[in-house]
1. Mind counting the residues in segment 117-141 that are part of a loop (DSSP other than H, G, I, E, B) and within 16 Å of the ligand (Cβ to nearest atom)?
2. Search segment 62-107 for residues being assigned to a loop (DSSP other than H, G, I, E, B) and either of a type in the set (S, T, N, Q) or at pLDDT below 95 (or both), and hand back the single one that is farthest from the ligand (Cβ to nearest atom).
3. From I144, I159, which residue is touching a helix residue (DSSP H, G or I) at 6+ places or on another chain (Cβ under 8 Å), away from the ligand (no atom under 13 Å from the Cβ), of a type in the set (A, V, I, L, M, F, W, C) and not in a helix (DSSP H, G or I)?
4. If you go through segment 206-226 one residue at a time, do you hit one that is touching a Lys or Arg at 6+ places or on another chain (Cβ under 7 Å) and part of a strand (DSSP E or B)?
5. Could you tell me which residue of segment 144-178 is nearest to the chain's Cα centre (by Cα), considering only residues that are closer than 18 Å to I107 by Cβ and of a type in the set (S, T, Y)?
6. Would you pick out the residues in segment 227-263 that are over 18 Å from the mean Cα position of the chain (by Cα), part of a loop (DSSP other than H, G, I, E, B) and surrounded by 15 or more Cβ atoms within 10 Å (Cβ to Cβ)?
7. For segment 91-145, give me each residue that is among the hydroxyl-bearing types (S, T, Y), surrounded by fewer than 22 Cβ atoms within 10 Å (Cβ to Cβ) and without any contact (Cβ under 8 Å) to a residue 40 or more places away in the chain.
8. If I ask for residues that are more than 23 Å from E252 (Cα to Cα) and among the hydroxyl-bearing types (S, T, Y), which ones from segment 158-198 would you list?
Amino acid sequence: MKKSILAAITVIICLLALNIAVINIVAKKPTVTSTIASTSQITDTQHQLGQNQNVSNANIQNELKLKRKTVYLTFDDGPNKKWTPTILSILAANHVKATFFVVGTAIEKNPELLEREKREGHAFGNHSYDHIYREIYASPQAYIDSLKKNDALLKSKNITTFVTRPPGGHRLDPETKKWLRENHMKSILWNLWTGDGDKIAHDSQFLVDTTQSGLSNLEDRDMNQVVVLMHDGLAGVPRNSKIYKDMSITREADLEALPIIIRMFKQNGYTFEVLK
Ligand SMILES: [Zn+2]
């Protein structure tokens, strides 16, 4: 009798240990990021804001071809009271989860929207504390500090992420790359530009057309892993500027374009996943 109890306890302990090991692996290893991180390493060196991303490395191309068709919808620069709620409602209506690359100052203004994003099962990326280029890119350490500040803010809301994205798709210096590596973090850009990051006003048709041609371009090269860049906010853009006014028009267009873009990926056989 005693032996069987002892055996049962041993089994439970083994199972617990195994479970903890699995949890640790999941916690330490960014799950879907390895492939996309590779993409981002390429795009990191090739990126120019406003242009399509070209992934040219042969190894990466082969790696991407092997995967099933997957799309990662990403939204930068929020959360924002004007646009985030509608984006969340569209995602919910379409049963799609996305990754929000959030900015610290926007989180402080709209903590309830961050909670809603979390509650509705979306993932998060760190997009710096304040998105102000002259501050965050004053030095490599300034960008690292901005990431750390936003990371601490996210942790205070019980959000842990291993994913970062530099505002403006800024090219990373060796010091930042080393810090990211040491902290098990990835810097992830995108390989599909919808056009909504342009500093001018666009209508929804422009965004849909740009996305369609970007997708065709990737499919022509058998690239099955698609990271789509969209925006749900305007963090870092001065409120009284002409750019803010123009880009606000594009944000409205984002709301109209999103359901069409989601349908486009569904019709083309893509599965929606998130970056963690
Ligand atoms: Zn941004």
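1. So the count comes out to 7.
2. Of everything passing the filter in segment 62-107, R68 is farthest from the ligand (Cβ to nearest atom).
3. I159
4. yes
5. Ranking the candidates gives T164 first.
6. Of everything in segment 227-263, just one residue is over 18 Å from the mean Cα position of the chain (by Cα), part of a loop (DSSP other than H, G, I, E, B) and surrounded by 15 or more Cβ atoms within 10 Å (Cβ to Cβ), namely V237.
7. Correct list: Y137, S139.
8. Result: T160, T161, T164, T176, S187.
The values are calculated or read from the model by the stated rules, or taken from the named source; none is laboratory data. Nothing here was measured: the structure is a model prediction, and the numbers come from that model. Every residue, glycine as well, gets a Cβ built from its backbone with ideal geometry; the counts of neighbours run over all protein chains shown.
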